[in-house]
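> The structure follows.
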Amino acid sequence: AGAVTALVNHPSAPQILFAHLDSANVCGGSAQLNGLYRSSDEGASWTRVSNTEMNTLFAGSSKLVRAHVAAGGRIAVAIADSVLRGVFLSTDNGASWLGLGYPITFEGSDEVGLHPGEQGRLHLSIAIDRSNPNLIYVGGDRQPGGFPNSLGARTFSGRLFRADAATPGSWVSLTHSGTANNSAPHADSRSMAIDAAGRLIEGDDGGVYARTQPASSSGVWISLNGDLQVTEQHSVAFDPIAGIAQSGNQDNGTMRQAAADERQWAVLSSGDGGDTVVDALHSAAQGQSISYTSAQNLGSFRRRVHDATNNAVSVVTPGLIVSANEPNVFGVRSG
């Protein structure tokens, strides 16, 4: 018994499956059972094929593993907990493994890996290049701060790298200085695939993106979102004076409609959008409304005043002082 966070099959031999077993030690078994398993008979029986180095990383519970199987018996595996711990490649269906390490950059004197936000249990992806099976792509959470950072990033955008198994330990950025125009996708990678044209397709918390020419620094990142409107809105409020809705969105900030009945939304603040409310009863003045926005844990708290035509009259950052038994702006009592 345990948790499985990776399950993939061989593209040309679908009866061959690979699965990662995690947390056996908290499900009545032993941590020695954790690892990467292979089945050659559609799951009727399983054999652990991960090597000693991989099993050492698997020994603790709560790992997130991503795997990709390509033609010729190649399988790439990424192992993470809060951060990426290792990437491994097998060219013989798991009989032997080559350790590729993991990417790092130096931000000042700090060594930073694939997960500066320490969200390796959520945001991890991996893919093998179609044309050159020695090339492995991995995606993590976000860029480290101190902008511009060592890669030339100026925002908390995506963090993705390329490794060449022909020279283990060599990692090259797929974003910013590793592109022709200093581009990057949204942060928080979830999945990867190589399309028929050889582009690297990446799904993340901002939608779907493509990296052209991912095997070199000549390519760029482009959005494939088109007219998709798939933002996860977990908090919403309505301004009855301007006839405008605004929302707090998972990893896509707080947004407000550009105009009444408009499908386009303007970003008020980036990052993780938190709770949002509109106070039309205690308006700043006649024909105006007050709205409040925040990030998680009431970070980036803002008080905005809009008029009846949706123009922002003022934006301030009030101090948050918690007093026992006094309601806050969200109507929740503390203490």
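The values are calculated or read from the model by the stated rules, or taken from the named source; none is laboratory data. Not measured: the values here are computed from a predicted model. Please note: Cβ atoms are built from the backbone with ideal geometry, for glycine as well, and neighbour counts cover all protein chains shown. These area figures cover heavy atoms from the full protein model, side chains too; ligands, DNA and RNA do not enter into them. Shrake-Rupley method; radii C 1.70, N 1.55, O 1.52, S 1.80 Å.
> If the Cβ limit is 9 Å and pairs must be 6+ apart or interchain, which residue in the stretch 75-90 that is of a type in the set (Phe, Trp, Tyr) pairs with which residue that is open to solvent by 10 Å² or more (accessible area, probe 1.4 Å) and part of a strand (DSSP E or B)?
Sorted first by the residue in the stretch 75-90, then by its partner, the pairs are Phe88/Leu98; Phe88/Gly99.
> Within the stretch 83-99, which residues are part of a strand (DSSP E or B) and open to solvent by 20 Å² or more (accessible area, probe 1.4 Å)?
Arg85, Leu98, Gly99
> I've got another one for you. Could you list all residues from the stretch 264-297 that are on the phi > 0 side of the Ramachandran plot and either buried (at least 18 other Cβ atoms within 10 Å of the Cβ) or assigned to a loop (DSSP other than H, G, I, E, B) (or both)?
Matches in the stretch 264-297: Gly271, Gly287.
> For the subset of the stretch 230-244 comprising residues that are under 27 Å from the mean Cα position of the chain (by Cα) and among the small types (Gly, Ala, Ser), which member is nearest to Gln288 (Cα to Cα)?
Ala237
> Taking the condition of being farther than 26 Å from Ser170 by Cα and either open to solvent by 70 Å² or more (accessible area, probe 1.4 Å) or touching a residue at least 40 places away in the same chain (Cβ under 8 Å) (or both), how many residues in the stretch 197-222 meet it?
2
> With (1) more than 30 Å from Arg211 (Cβ to Cβ); (2) open to solvent by 40 Å² or more (accessible area, probe 1.4 Å); (3) in a loop (DSSP other than H, G, I, E, B); (4) out of contact with any Phe, Trp or Tyr (no Cβ under 9 Å at 6 or more places or on another chain) as the list, and Ala242 as the residue in question, which single condition is left unmet?
Ala242 satisfies all of (1) more than 30 Å from Arg211 (Cβ to Cβ); (2) open to solvent by 40 Å² or more (accessible area, probe 1.4 Å); (3) in a loop (DSSP other than H, G, I, E, B); (4) out of contact with any Phe, Trp or Tyr (no Cβ under 9 Å at 6 or more places or on another chain) except (2).
> Additional query: Among the strands (runs of 3 or more DSSP E) contained in the stretch 1-82, which hold 3 or more residues that are over 29 Å from Gly198 (Cα atoms)?
Of the strands (runs of 3 or more DSSP E) lying wholly inside the stretch 1-82, those with at least 3 residues that are over 29 Å from Gly198 (Cα atoms) span 35-39.
> Exactly one condition in (1) out of contact with any strand residue (DSSP E or B) (no Cβ under 8 Å at 6 or more places or on another chain); (2) open to solvent by less than 70 Å² (accessible area, probe 1.4 Å); (3) closer than 27 Å to Asn252 by Cα is not met by Phe147; state its number.
With (1) out of contact with any strand residue (DSSP E or B) (no Cβ under 8 Å at 6 or more places or on another chain); (2) open to solvent by less than 70 Å² (accessible area, probe 1.4 Å); (3) closer than 27 Å to Asn252 by Cα applied to Phe147, the lone miss is (2).
> Does the stretch 298-305 contain at least one residue that is at pLDDT 90 or above, part of a loop (DSSP other than H, G, I, E, B) and either touching a Leu at 6+ places or on another chain (Cβ under 8 Å) or open to solvent by 40 Å² or more (accessible area, probe 1.4 Å) (or both)?
yes
> Out of the residues in the stretch 32-58 meeting the condition of being among the aliphatic types (A, V, I, L, M) and closer than 14 Å to Val4 by Cα, tell me which one is surrounded by the fewest Cβ atoms within 10 Å (Cβ to Cβ).
Here the residue is Leu33.
> Within the stretch 254-263, is even one residue modelled with pLDDT of 90 or more, surrounded by 21 or more Cβ atoms within 10 Å (Cβ to Cβ) and basic (Lys, Arg)?
yes
> Run Met192 past the list (1) in a strand (DSSP E or B); (2) surrounded by fewer than 20 Cβ atoms within 10 Å (Cβ to Cβ) and report the number of the one that doesn't hold.
It fails just one condition, (2).
> Can I ask one more? Check the stretch 18-29 and report whether any residue there is of a type in the set (D, E, K, R), open to solvent by 10 Å² or more (accessible area, probe 1.4 Å) and at pLDDT below 95.
Looking for residues that are of a type in the set (D, E, K, R), open to solvent by 10 Å² or more (accessible area, probe 1.4 Å) and at pLDDT below 95, one finds none in the stretch 18-29, hence no.
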